[in-house]
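Data block below; observations after.
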Amino acid sequence: MSSSSPSVPSVRLPLRAAPPLYGRREWRTDGTRAPSPALVAVKPLACSAPASYRSALLLHRRRRYALPPVAATATSKPVLKDPKKYQEWDSLTAKFAGAANVPFLLLQLPQIILNARNLLAGNKTALFAVPWLGMLTGLLGNLSLLSYFAKKKETGAVIVQTLGVISTYVVIAQLAMAESMPLPQFVATSAVVAAGLLLNFLNYFGWLPGTLWLLWEDFITIGGLAVLPQVMWSTFVPFIPNSLLPGIISGSLAAAAVVMARMGKLSKGGTKFVGSLSGWTATLLFMWMPVAQMWINYLNPSNIKGLSAFTMLLAMIGNGLMIPRAVFIRDLMWFTGSAWASFLQGWGNLACMYCFNSISRESFLATTLGLLLWLGFTLWRDTVAHGNSSPVTSLKELLFGK
């Protein structure tokens, strides 16, 4: 901008508001005071474009202090109605997930103690009742979920899966001592467990190169997809022929999909789907375990008397404690696995035991009521924390996203 008078120099628009200048004014020869040149230079700006000056100044301040523009604010995520309740529920769900360590740890301790007593007594045959293939399947599921939660930085779930890996590995080591598990398989399992724990620890703290993490994710994806169909197939043997083809076929397809994804031969959606397979495979492995148990109960009802109601209750409580956190962060995979295990592995087996008079009706009804109240409390608190109108809205956000 320039002034038409030759006595007024060209002035740039200032970047910030300057305080008025009160300098010493000069006197004319006729005794009057001459106006300050700075005031004369600024006066045309103030008179001709005060609105543009304020707009430019506001834009500069926004850029300097990183304030969001009005247009961006209008399209951003709406502000929570009560941020305090949101933060409280966030903290509480994290504590619930951490508390799940107690029942999950108690699940394996009786088996570990019993195996140790049999080993010390020289009764190695008793350990052959524990299937090492089933324990290995659970271990692979724990490792896969550990990688999933370590990537999401969910501390409580990471601790739960780490304890699951360690406790299951202790049982597998006891089986190897009893010569129930072949030594080559135990050595390979030990190497995978050591590498998995180390890589997940480094990745959780951000110390692992991305290339190594991708290789580990590819390994657990292929391994999980090879094991899952094989376990499902083996559940129904001898009603179907015993075969390794399901694991070989699915593992080969998984390897081909991973290679194509890394070579960029898949679409963006296909690559994202392959990347999510490891977490879903681990979830399906755990989801299949209660199905296999209930199938055995159906074939041999007499085996139900050998089940421990306390063990099933611990399984229901441990998985139920992780449901609020899964709902809060809108993690459908975590919610599916936890809810399924809580209902089928815990409550479902208790229902079978009640039907065959292994537990009293009062105990079963009290357990059922407690589970329903817990789920109702979870949905109510989550609805309040997110400021939704009803629990149906929270469930829609969980199932279909926001």
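Read the figures in this text as sums done on the coordinates, not as results from a lab. None of the values given here were measured: they were computed from a predicted structure. No Cβ is skipped: glycine too gets one built from the backbone with ideal geometry, and neighbour counts run over all protein chains shown.
Under 15 Å from the Cβ of residue 101, count the other residues' Cβ atoms, weight Lys and Arg +1, Asp and Glu -1, and hand me the total.
Combined, the nearby Lys, Arg, Asp and Glu give +1.
For segment 81-208, the share of alpha carbon pairs falling in successive 10 Å distance bins from zero is 12, 35, 29, 15, 6, 2, 0 percent.
Over 22 Å between C-alpha atoms is what I'm after, so list which of 153/265; 95/153; 153/272; 152/272; 95/151 land there.
Going by Cα-Cα distance, 153/265 fall outside the 22 Å limit.
Applied to segment 202-211, the Karplus parametrisation 6.51 cos²θ - 1.76 cosθ + 1.60 on θ = phi - 60° returns per-residue 3J(HN,Hα) values of 5, 5, 4, 8, x, 9, 10, x, x, 5 Hz, with x for Gly and Pro.
For residue 181, the residues 5 or more places off, or on other chains, whose built amide H falls under 5 Å of its own are 176. List the aspartates and glutamates whose alpha-carbon lies under 17 Å from that of residue 396, not counting same-chain residues fewer than 8 positions away? The reachable aspartates and glutamates, counting only those whose Cα sits under 17 Å from residue 396, are 331, 382. Highest mean first, the peptides 152-158, 219-225, 114-120 sorted by other C-beta atoms within 10 Å per residue fall in the order 219-225, 152-158, 114-120. The residues packed around residue 158, meaning those with a beta-carbon under 11 Å from its beta-carbon, carry a net charge of +2 if Lys and Arg are +1 and Asp and Glu are -1.
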